[in-house]
Amino acid sequence: MVPDMDNQQAIIIGAGIGGLTAAIALKQLGFQANVFERAPEILELGAGISLWPNALQALDRLGLAEKVRAIGEPFGGGTLRTWKGDFLMKSLFSPEQWAMRYGSAGVCVLRAELQRLLMDALDADVIQLGKTCTGYRQAESGVIAQFEGDIETPCDLLLGADGLRSVIRKQMMGDSPLRYSGYTAWRGVAPYALRQAGASESWGRGTRFGLVPLSQGRTYWFATQNAPEGQLCRPEDRKRVVMEVFRGWHDPIQAVLDATPDTAVLQNDIYDRPPVTSWSRGCVTLLGDAAHPMTPNLGQGGCQAIEDAVVLAGLLKNSPDIPSALQTYEARRIPRTSRLVDQSWRFGQIGQWENALACGLRNRLFRLTSAANMTKQLDPILRFEG
């Protein structure tokens, strides 16, 4: 066990889902954990997040799963359709069946509401906003986090949970380029109650549209289109453009878009990074998108960040010192997250095919995929073995 955890100082860079979960896990372990976030305020972005059974199993370890279920909408899988609405694959399980198989159903929640729930589990002074980390330097004992204004703060453990363009990762590994997926994405939340049970995704040629039910009669939606990198719409044009791209698609896509406030549509190009073989140095390590950014095609980005936090805390509890725990942490997590990065990338590429013949073959193969085969592929993803 890491000695004197009650006196150990941990600094977490980034107040996203992974960083906040890590702060909670370390607090429960006895660490004095502080979260530094460069944004001056936590914005309530209009986007949802799917927490699959593996993430809920991890949150159960922290005593948070029931609170998350209370603010979300349960799901037990999803359906896959063509742009006309024809089924390619129907949902395999109900939420109750998922709970029996995996120990929990999935839950769809508004990202801002999940973030608020996690923040409420921490003391008010733990999260410091408007603090921009510029790097770190190793010390004889522990590590020193560096911030704008020539501020240096010593700690025993430094976690880089600062996302896709992580400052901590850049110093650790160099400034490697992001990998552009070839498609852009729009997202929004509409005050629209879906009649369907569970999430769905519909595929066209070079385009996809997803519908995810949220609590309180709301719908989270996302849409993708093949596009050159960096050619984003102006904020005032986003809703009009996405409605034009998906005009004529099956119900209720147009109705959901109609119900979405004009100013509530987000857009970003989709990136990831190829997997790495190490993400720890001394008393510094990475977590979530800083360690293993993945495309959103499997809905596992936030889930894996939560897993990271819970696994890391468990290893710190049972390791003789922090560097040893971090080495075991990356050895435990890199194989799993690397597989998911690669699987998510491949699934997204298939979903974005444009060639008519290739899309026809793709759709036929999905129609022929058996429930047993799909379950075999899902099982290792949806079981948390932390």
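The values are calculated or read from the model by the stated rules, or taken from the named source; none is laboratory data. Note that this is a predicted model, so its numbers are computed, not measured. All Cβ positions, even for glycine, are placed from backbone atoms using ideal geometry, and neighbour counts span all protein chains on display.
Summary of computed values
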{"item": "For D120: the one exception among (1) under 26 Å from L45 (Cβ atoms); (2) touching a residue at least 40 places away in the same chain (Cβ under 8 Å)", "result": "(2)"}
{"item": "Which numbered condition Y102 fails, given (1) in contact (Cβ under 8 Å) with a residue 60 or more places away in the chain; (2) buried (at least 20 other Cβ atoms within 10 Å of the Cβ); (3) under 21 Å from D289 (Cβ atoms); (4) not aliphatic (A, V, I, L, M)", "result": "(3)"}
{"item": "Count of the stretch 213-247 residues which are assigned to a loop (DSSP other than H, G, I, E, B) and either touching a strand residue (DSSP E or B) at 6+ places or on another chain (Cβ under 8 Å) or free of Cβ contacts under 8 Å to residues at least 24 places away in the same chain (or both)", "result": "12"}
{"item": "Matching option when the condition is among the charged types (D, E, K, R) and in contact with a helix residue (DSSP H, G or I) (Cβ under 8 Å, 6 or more places away or on another chain), among R383, R367", "result": "R383"}
{"item": "Within the stretch 128-151, tally of residues that are under 17 Å from Q8 (Cα atoms) and modelled with pLDDT of 95 or more", "result": "3"}
{"item": "When residues of the stretch 38-90 are limited to those that are of a type in the set (F, W, Y) and part of a strand (DSSP E or B), the one nearest to T21 (Cα to Cα)", "result": "F75"}
{"item": "Residues satisfying the stated conditions in the stretch 114-150, i.e. under 22 Å from L20 (Cβ atoms), among the aliphatic types (A, V, I, L, M) and in a strand (DSSP E or B)", "result": "I127, L129, V143, A145"}
{"item": "Residue under evaluation V107, criteria (1) among the hydrophobic types (A, V, I, L, M, F, W, C); (2) touching a Leu at 6+ places or on another chain (Cβ under 9 Å); (3) part of a helix (DSSP H, G or I), criterion not met", "result": "(3)"}
{"item": "Positions within the stretch 151-169 being part of a helix (DSSP H, G or I) and surrounded by fewer than 23 Cβ atoms within 10 Å (Cβ to Cβ), in sequence order", "result": "V167"}
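Rundown of residues vs (1) touching a residue at least 24 places away in the same chain (Cβ under 8 Å); (2) over 29 Å from I24 (Cβ atoms); (3) crowded, with 24+ Cβ neighbours inside 10 Å, yes/no style:
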| residue | (1), (2), (3) |
| --- | --- |
| A255 | yes, yes, no |
| D262 | yes, yes, no |
| V265 | yes, yes, yes |
| T285 | yes, no, yes |
| H292 | yes, no, yes |
| P296 | yes, no, no |
| A305 | yes, no, yes |
